1. Using a basic spin-label model with each label point 7 Å from the Cα along Cα→Cβ, how many nm lie between THR485 and SER338?
2. Could you list, bin by bin from short to long, the percent of Cα-Cα pairs of the stretch 296-446 in 5 Å steps?
3. Which residue, VAL403, ALA135, PRO308, has the largest displacement toward the positive end of the dipole of the chain when charges sit on each Cβ (Lys, Arg +1; Asp, Glu -1)?
4. Over all pairs of distinct alpha carbons, what does the Kirkwood formula give as the hydrodynamic radius of the stretch 376-454, in Å?
5. Using square roots of five times the C-alpha gyration tensor eigenvalues, list the equivalent-ellipsoid semi-axes of the chain in whole Å, biggest first.
6. At a 1.4 Å probe radius, carbon and sulfur cover how many percent of the accessible area of the chain?
7. How much length is gained on full extension from ASN474 to MET387, taking 0.36 nm per residue of separation minus their Cα-Cα distance?
8. Using 1/(1 + (r/R0)^6) with R0 = 60 angstrom and r between the beta carbons of GLN250 and ASP35, what's the FRET efficiency to the nearest 0.05?
Amino acid sequence: MAGGWKKCLFLIGFRLICLKTVVSAKTAPQIPTIDQAYSKISNSITVEWATVPGATSYLLTAEDGDTVIETMVANSPGTVTGLKAATLYQITIRSISAAGRSQASPPKQAKTVLAAPILEVSSPSPDSILVQWEAVYMAIGFSVSIMQANGLGRIWKENTTNTSLTFSSLDAGTLYTIKAYAWNANGIPGDDSTCNQRTMACAPGRVMIQEDPPGHLSVAWSNVDLGDYYVAFVKSDDGWEVHCNTSTTQCSFLSECGFTYFISVFAYNKAGQSPLGDVFNYTTAPCCPSDINPVLVSSERVEMVWSPVRGAELYETKAVAGSNVVECNDTAPACTLSALECDTKYSITVYSFSEVRGINMSCRSRFITTGPCSPEIINISKDAFSMIHVHWRSTNNDATYTVTAQGEKGLYQCSSTGESCTLGDLPCGSVFSVTAVAETQAGWSLPSYSMPLETVPCCPTGMTVTQVTQSVINVSWTIGMAAQTYVTVLESHIGQSKCHTHQSHCLLGCITCGINYTVALKAISATGLTADCAYQSYSSNACCPLGVKLYRLGPNGIRIYWQASRGSANYSTDLYGSKGIFTCTPSAGLSFCDVTEIPCGDVYTVVVSPVAETGLKLTFCPKKIYSVTCSGSTLGMVIYRGKRNDTVSPR
């Protein structure tokens with residue numbers, strides 16, 4: 001139709017393909033060699049190469065310094081699409097088999113051809129068609145041709161450096177096909193644009209599609225001269241189709257997320273329907289995941305899963321807490337967010353992504369709090385009642401802390417909502433590893449770094465004090481668990497005696513006879529921990545008597561006399577001779593004892609010993625030897641009663 005306008009839009013899409021390389025222990029296939037790489041379409045480069053034995057597919061890569069495009073193909077030739085027009089690319093290829101993939105081939109350069117000019121055609125008069133276009137990057141000239149759409153008649157072809165051209169002397173009411181392309185400085189032609197124009201009205205041009213707000217598609221187009229009304233058809237990729245009749249240049253349709261809609265617009269007048277114009281497609285934003293479930297929440301990690309949603313090719317998960325932002329991208333409907341801050345509330349959003357529409361930013365956020373921070377044990381102390389106090393530092397809110405002491409003799413715990421708790425009844429002589437964990441509604445923290453705890457060594461179960469000599473006692477005891485050395489202290493009002501030994505007994509000297517002492521025993525571990533084990537009262541034995549002398553009592557009797565030591569004590573007297581042992585025990589309080597019927601003419605060993613309260617006769621008093629003769633002089637002051645004295649002389 002005369003005076004009508006039509007704009008033909010040439011759309012070029014691209015697709016990114018992400019490959020996951022699987023490393024195999026088998027040998028990778030050979031590196032292929034590119035025979036040639038060339039471009040016949042502005043958004044693609046075709047590559048030819050020799051087949052690699054064992055290869056099941058090939059990975060083509062095109063790089064222009066800014067972007068990298070990869071395409072998987074089965075065999076040669078293969079084509080990389082989604083490229084920019086009139087752009088020089090470095091082309092490489094890798095062969096892929098079950099064993100892995102090869103290294104990249106030596107690169108080969110190829111340049112995409114020029115983009116097609118975007119045509120605007122109109123019929124200003126019944127016998128002419130005006131063709132206009134915008135300048136094409138890197139083009140120095142254009143070729144435009146026109147012929148009847150039914151193939152009849154001649155073909156007109158014109159070359160020009162301008163951006164418009166008018167064909168005249170055309171048949172009225174006839175549908176013509178116009179084709180145009182640009183060429184570069186080397187004369188290489190680019191993509192061509194084809195448009196039909198009737199000299200009756202053209203299909204509406206400048207079709208624009210918008211989705212605003214989400215769920216509503218708005219389709220608008222340019223006005224067509226001599227057009228009475230328009231019909232817009234919208235068909236989704238699942239087969240659903242609607243249309244709208246209007247005398248305006250706009251229609252609105254309901255839409256759903258994750259669908260691709262195909263849109264075409266026709267103009268109508270009395271002459272009938274306009275030719276079919278370009279069919280446009282519009283892909284709505286991918287749907288948002290709705291059933292997001294955290295399957296694991298720890299102090300620094302959150303694992304989540306959700307159901308796949310329509311239209312999503314990739315999922316972007318973002319966790320935000322103030323200036324702290326953590327992201328992960330994956331094609332699978334799952335994500336693990338790591339390196340998070342403990343005991344922190346994060347706003348977590350899962351965005352869906354498609355190559356055509358990008359990210360759906362309308363997806364709803366949810367809040368998840370990470371697990372509590374691990375406490376830091378700063379001090380372990382013991383009080384006078386052998387209770388263990390554990391102190392820690394933490395920044396958690398509303399947390400309960402559990403301290404665990406674990407060793408060979410068992411596990412002991414205490415809990416608190418503060419920053420300390422007390423462990424009781426820990427066995428002596430044991431080593432424990434002490435850790436602390438925090439618990440909140442979000443879960444458990446990791447355990448703190450452990451600190452060693454050593455309890456004091458076990459005390460001996462028994463202690464015995466034995467007097468060895470008048471000034472020396474022996475203190476003995478059983479072995480205590482984890483005790484390496486022992487300290488024994490003997491103390492009285494007149495002084496102190498101390499012994500430090502690794503054995504289970506100790507001799508203490510400088511003991512004063514007949515004195516009340518306190519005996520203390522301490523067990524010490526290898527690390528210096530000390531257990532105060534036993535306090536026991538001990539009275540040293542009475543002193544050995546002094547001035548022991550013998551007097552004759554008639555022909556067969558001897559009186560043994562001594563000077564009693566300080567304090568009250570009972571004594572026992574023993575005379576050891578070749579003809580027997582003679583013993584006498586004096587009455588309490590006396591300092592002499594008489595032995596009758598003792599043979600003369602023998603040598604006797606005389607011992608006067610104190611007798612302990614237990615009845616035990618002490619054996620450490622000094623011994624004296626006397627010779628008792630049957631005639632001779634007397635020894636000491638001997639009183640004669642009835643008969644002469646025989647001689648008793650010391651030896």
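The values are calculated or read from the model by the stated rules, or taken from the named source; none is laboratory data. What you see is a predicted model, and the numbers here were worked out from it, not measured in a lab. Here the Cβ positions follow ideal geometry from the backbone for every residue, glycine too, while neighbour counts run over all protein chains shown. Accessible surface is based on the protein model in full, side chains and every heavy atom, while ligands, DNA and RNA are left aside. Shrake-Rupley method; radii C 1.70, N 1.55, O 1.52, S 1.80 Å.
1. 5.1 nm
2. 2, 9, 16, 15, 12, 10, 8, 7, 7, 5, 4, 3, 1, 1, 0
3. VAL403
4. 12.8 Å
5. Gyration-tensor ellipsoid for the chain: 124, 27, 15 Å.
6. Carbon and sulfur together cover 51 percent of it.
7. Between ASN474 and MET387, full extension yields 27.9 nm more.
8. 0.70
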